[in-house]
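To keep things clear, I will list the structure first and then write my remarks on it.
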Amino acid sequence: MTLSTAYELPFEFLLSEEPLFGPDVTTHLRFVVNDELPMDEVRPLLHGKLMNFGVLGATGALGVLPASDFDPMTPLFKSVRVGKDDFAWKLKGWPAVDGAVSVLASQFMGSDVVTLLRRIEVSGDGRACRYRLAKETTLDHAYPATMPLPFEAEISHEGQDQFELDLTFDGIPPDDAKAGIDELLRFWAHAASSGAYGVAPVDPLKCGFQYDEEIDWLDNRLTWSLWRFRAHPDLLDGLLGLCGTFHAQLWPVLRSRID
């Protein structure tokens, strides 16, 4: 997909040549903040956004199936470098298509952080950041599409504000697999509903959804509801990507439907 955002960014967003993410890539992220801001107050805000981005990668929502041992949290805490007016991270092997920069742009257009930033840089393996993230409003996918899935998968989106995820597994998952599925689904829901899929020009923090804390199981079938849906519909592609992670890491999926 074209590397772009539908938002009119008030800060610079610079990219290196691709690839920016991937299993053999070290992604260099740098955030330059406005002058004279207290860095100890800015850091947790930026850190929280990147934690949500890491969760989306770890759940398969960014267009790439994650490795089973992928851990987004440790490098976010251990690799940060704090300068006079900037924060920088080196993140190895993050599971995302390069188009996931649109998710980062949405996150950092949130009203809680947008006024703090002067520049964001995303570099693959430390290459020079020479390109601006383009503004584009006509793409079929503003955010990463679902990776190819080895099971039947369908999204029915006709502008409604309520959806149900209906998953059929190949047999009844054991209790530990069910617990892992429930945990990943809740992690994804929190991260995805926190401004990652904004609808320009609306503040991304207003582009979320509410979701059921209870996940219903009946034999080999899972159902789960979300409502007050205000996010970009590409968010549902990320939810299908999560189902792909269930299939690869926890228990085989036969069918997945979102409607």
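A compact table of results
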| item | result |
| --- | --- |
| Percentage relative contact order, the chain, counting C-alpha pairs under 8 Å, at least six apart | 29 percent |
| Sequence ranges 237-248, 121-132, ranked by mean other-Cβ count within 10 angstrom, highest first | 237-248, 121-132 |
| Size descriptor, Kirkwood hydrodynamic radius, that averages inverse alpha-carbon separations across the chain, Å | 18.6 Å |
| Pairs beyond 23 Å (Cα-Cα), from K49/K90; K84/K206; K49/K78; K92/K178; K49/K84 | K84/K206; K92/K178 |
| Residue-averaged 222 nm ellipticity for the chain, from DSSP H runs of 4+ at -39500 (n - 2.57), nearest 500 | -8500 deg cm²/dmol |
| Using a Förster distance of 35 Å, the FRET efficiency for D24-H190 (Cβ separation, nearest 0.05) | 0.75 |
| Semi-axis lengths (Å, descending) of the ellipsoid that matches the C-alpha gyration tensor of region 1-111 | 22, 17, 12 |
| Net +/- balance of residues flanking L37 in space, Cβ distance below 13 Å, scoring K and R +1, D and E -1 | -3 |
| Peptides 96-103, 182-189, 216-223 ordered by average Cβ neighbours within 10 Å, highest first | 96-103, 182-189, 216-223 |
| Heavy-atom accessible area per residue - the chain, 1.4 Å, Å² | 45 Å² |
| Cα-based equivalent ellipsoid of region 41-170: semi-axis lengths in Å, sorted from largest, via gyration tensor | 29, 19, 15 |
| Carbon/sulfur fraction of accessible area - the chain, other protein chains in place, 1.4 Å, % | 49 percent |
| Region 32-98, relative contact order in percent, only Cα pairs under 8 angstrom and at least six apart counted | 38 percent |
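The values are calculated or read from the model by the stated rules, or taken from the named source; none is laboratory data. In this text the structure is predicted, and so the values were computed from the model without any measurement. Using ideal geometry, Cβ is built from the backbone for each residue, glycine included, and neighbour counts are taken over all protein chains shown. Each accessible area value is taken on the protein alone, full model and side chains, heavy atoms only, with ligands, DNA and RNA left out. Shrake-Rupley method; radii C 1.70, N 1.55, O 1.52, S 1.80 Å.
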